[in-house]
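Asks: Submitted below is the structure of interest, expressed as structure tokens.
The values are calculated or read from the model by the stated rules, or taken from the named source; none is laboratory data. For clarity, every value in this text was computed on a predicted model and none was experimentally measured. Note that each Cβ is placed from the backbone with ideal geometry, even for glycine, and that neighbours are counted across all protein chains shown.
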């Protein structure tokens, strides 16, 4: 059985360098929205969007500090919802680069694990070696 992605043409977008809509020199979600006709002309089926979540940008957005919010440099949650809606209207799916293994040291999970040895976010295991 075939799925949509078996024959998909996926276009990766690094938002910070794709299209700046507000003149601050940083690409953003509204910039991507402006380029949806261009994306359609390419004949793509999906956009793979690099991280747009709140981040201190130490690792180019891969160091996420809040998975529930859009980085203000990229736009707002309303901008993200509009982008998703307009991409879908254009017949383009969206794949979010959701990077749980790159959590920022500013994320509450990381901070709790660093302060508390009994934190639910801390990796606690013991290795037993049998000689």
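Asks: Any idea which of (1) assigned to a loop (DSSP other than H, G, I, E, B); (2) loosely packed, with under 13 Cβ neighbours inside 10 Å is the one residue 38 doesn't satisfy?
Replies: Failing condition for residue 38: (1).
Asks: Please find, within segment 55-75, the residue that is surrounded by the fewest Cβ atoms within 10 Å (Cβ to Cβ) out of those that are closer than 16 Å to residue 16 by Cα and without any contact (Cβ under 8 Å) to a residue 40 or more places away in the chain. Break it down stepwise before answering.
Replies: First, the residues of segment 55-75 that are closer than 16 Å to residue 16 by Cα: 55-64, 70-75.
With the extra rule that they be without any contact (Cβ under 8 Å) to a residue 40 or more places away in the chain, the set shrinks to 57, 71-72.
On the way: 57: 16, 71: 23, 72: 9.
Per the criteria, the residue is 72.
Asks: Could you please let me know if residue 126 is over 20 Å from the mean Cα position of the chain (by Cα) and at pLDDT below 95?
Replies: yes
Asks: Out of curiosity, is residue 12 at pLDDT 95 or above, over 17 Å from residue 82 (Cα atoms) and not in a loop (DSSP other than H, G, I, E, B)? First the steps, then the outcome.
Replies: On the way: at pLDDT 95 or above: yes; over 17 Å from residue 82 (Cα atoms): yes; not in a loop (DSSP other than H, G, I, E, B): yes.
Here the answer is yes, as residue 12 does meet what is asked.
Asks: Mind checking whether some residue in segment 96-105 is touching a strand residue (DSSP E or B) at 6+ places or on another chain (Cβ under 7 Å), at pLDDT 75 or above and under 16 Å from residue 62 (Cβ atoms)?
Replies: Let us first name the residues in segment 96-105 that are touching a strand residue (DSSP E or B) at 6+ places or on another chain (Cβ under 7 Å), namely 96-97.
After this cut, where a residue has to be at pLDDT 75 or above as well, the list is 96-97.
Now narrow it down to the ones that are under 16 Å from residue 62 (Cβ atoms): 96-97.
Yes, because at least one residue in segment 96-105 is touching a strand residue (DSSP E or B) at 6+ places or on another chain (Cβ under 7 Å), at pLDDT 75 or above and under 16 Å from residue 62 (Cβ atoms).
Asks: Can I ask one more? Suppose we filter 57, 81 for residues that are part of a helix (DSSP H, G or I), under 30 Å from residue 121 (Cα atoms) and either out of contact with any strand residue (DSSP E or B) (no Cβ under 6 Å at 6 or more places or on another chain) or modelled with pLDDT of 95 or more (or both); which single one remains?
Replies: Values: 57 fails: part of a helix (DSSP H, G or I).
None of the others qualify; the one that does is 81.
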